[in-house]
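> Quick one: the structure is below, questions incoming.
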Amino acid sequence: MLKWYTEMTKPEKRTYWACFSGWGLDAMDTQMYALAIPTLIALWGMTRGQAGVLGTTVLIMASLGGWIAGILADRYGRVRVLQITILWFSAFTLLSAFTNSFGQLMITRGLQGLGFGGEWAVGAVLISETIRPQVRGRAVGSLQAGWAVGYGVAVLLSTLIFSSLQPEWAWRVLFAIGILPTLLVLWIRRHIKEAPVFAQIRREHAADRPGIWAVFDRSTRVTTFKAILLTFGIYGGNYVMITWLPAYLKLVLHLSITNIGGYLAINILGSFAGAFLNGWMADRFGRRRTFIVIAFLQAIAVATYTLAPITLPVTLVLGFVLGTLQSGTAAGTGAYLAELFPTRIRASAQGLCGNAGRAIGAIMPAMVGVLSAKLELGAAMGMCACASYALVVIAALMLPETRGRDLSDVRVSAANSAGKAMQEEDMTAQRTDTALPR
């Protein structure tokens, strides 16, 4: 099953683990906030609406940060910008530990979001350009398991810290630990080199500096808008659950800190498995079909989890399913977005499309906070998440199939129609089926 990893070269493996670690540490820093929401609500008297606004602020700033980092990566290199983004989000996670009000925390968390979005965009492009086409889906998709590992570390730290310290100190210590990802930068500086595809483009077109709005050029703008719709649906639904699940477990199911840690652990194990499931499906059946199937199943699982009168044991089982499908929808975006755009604007497009989807999708967690003032929290979560996953299906039907695509020869046409996409999908499947291991 992991034959694709054992066949990777040493530079590919180093790049893989650098991006895996970056994703994990990114998740650890980001999820610390979600785990601290119930404590901050109690200590500061924050409303659920304010808590939702804080989560939304991070995602909106992540959109801006992803675009900025992508533009810089297309101009100055993937590896250099990746290091800067890791240092950035680590520093502002630490500063969040010293805030004393909703307004102060909104500033530090917003600035942290710039680095959060930038790290994801640049890391996804770097690994996509480094891994060979036949296994790109599995390699890049499995990186989502790094998010599950980072989330798991955050839950473990939260459980230990909140069990050992008073709440007014525990959340500060939790945020202060967010400085640790800076150690990864030292290793990246020593071991990671630029992707061959990007290095070749830089040598052949050294004077070419794409403009800020290059992703909206006539040849790419239609693909750009469709890709944003896809990521909007993916992250809108996923962030509803990621942002509000800890609060749902405590405020609705009335679980203790220890029990919440156990429930989240099951969810995180599902997320770990989902990253590998998506990668296998994407390389075996195609990118588009994988998005459609997983999003459809995710909508059913979320509706059952939040709207149906289920028992606690069933909730535990569904927690694993939710984690698997959440990770499954998000895991496919890294490779897919990279395959949609040419090298000269790939990082810019990845940063914009991936993180614009996060920003627009950030409406959904905020909407949950607003709707929960009139509806039950579970009902608000279910409605917003299911609507988001419906958009994933619509966007996937409009975009082309890219399985097995050579990133050094990507050409994007503004005239991509659904019919042309289906035709391209079938042709790609015929070309790559013999090259893919069963």
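> Would it be correct to say that Arg138 is of a type in the set (D, E, K, R), at pLDDT below 80 and part of a helix (DSSP H, G or I)?
It is false that Arg138 is of a type in the set (D, E, K, R), at pLDDT below 80 and part of a helix (DSSP H, G or I).
> Sticking with this structure for a sec: Identify all residues within the stretch 368-383 that are hydrophobic (A, V, I, L, M, F, W, C) and under 14 Å from Tyr239 (Cα atoms); write none if there are none.
Val368, Ala380, Met381, Met383
> Check off (1) surrounded by 21 or more Cβ atoms within 10 Å (Cβ to Cβ); (2) touching a residue at least 60 places away in the same chain (Cβ under 8 Å) for Leu40 and give me the number that stays unchecked.
(1)
> Let me ask something else. Here is a list: Phe198, Phe225. Which entry is among the aromatic types (Phe, Trp, Tyr) and farther than 25 Å from Ile86 by Cα?
Step by step, each of Phe198, Phe225 is checked, and only Phe225 is among the aromatic types (Phe, Trp, Tyr) and farther than 25 Å from Ile86 by Cα.
> Now for a separate question. Would you check if there is a residue in the stretch 105-115 being in a helix (DSSP H, G or I), within 18 Å of Leu35 (Cα to Cα) and among the basic types (Lys, Arg)?
Looking for residues that are in a helix (DSSP H, G or I), within 18 Å of Leu35 (Cα to Cα) and among the basic types (Lys, Arg), one finds at least one in the stretch 105-115, hence yes.
> Among Ser96, Ser101, which is buried (at least 24 other Cβ atoms within 10 Å of the Cβ), at pLDDT 85 or above and not basic (Lys, Arg)?
So the residue among Ser96, Ser101 that is buried (at least 24 other Cβ atoms within 10 Å of the Cβ), at pLDDT 85 or above and not basic (Lys, Arg) is Ser96.
> Test of understanding: among Thr311, Thr333, Thr290, Thr306, which residue is polar (S, T, N, Q) and surrounded by fewer than 24 Cβ atoms within 10 Å (Cβ to Cβ)?
Only one candidate passes the filter, namely Thr311.
> When you look at Ala227, is it part of a helix (DSSP H, G or I), free of Cβ contacts under 8 Å to residues at least 24 places away in the same chain and surrounded by 14 or more Cβ atoms within 10 Å (Cβ to Cβ), yes or no?
In short, no.
> Moving on. Does the stretch 139-150 contain at least one residue that is within 24 Å of Arg109 (Cα to Cα) and surrounded by fewer than 16 Cβ atoms within 10 Å (Cβ to Cβ)?
no
> Answer yes or no: is there a residue in the stretch 85-93 that is closer than 22 Å to Glu129 by Cβ and touching a residue at least 60 places away in the same chain (Cβ under 8 Å).
Yes, the stretch 85-93 has at least one match.
The values are calculated or read from the model by the stated rules, or taken from the named source; none is laboratory data. The structure presented is a predicted model; accordingly, all values stated were derived computationally and were not measured. As a convention, Cβ positions derive from the backbone with ideal geometry for all residues, glycine included, and neighbour counts pool all protein chains shown.
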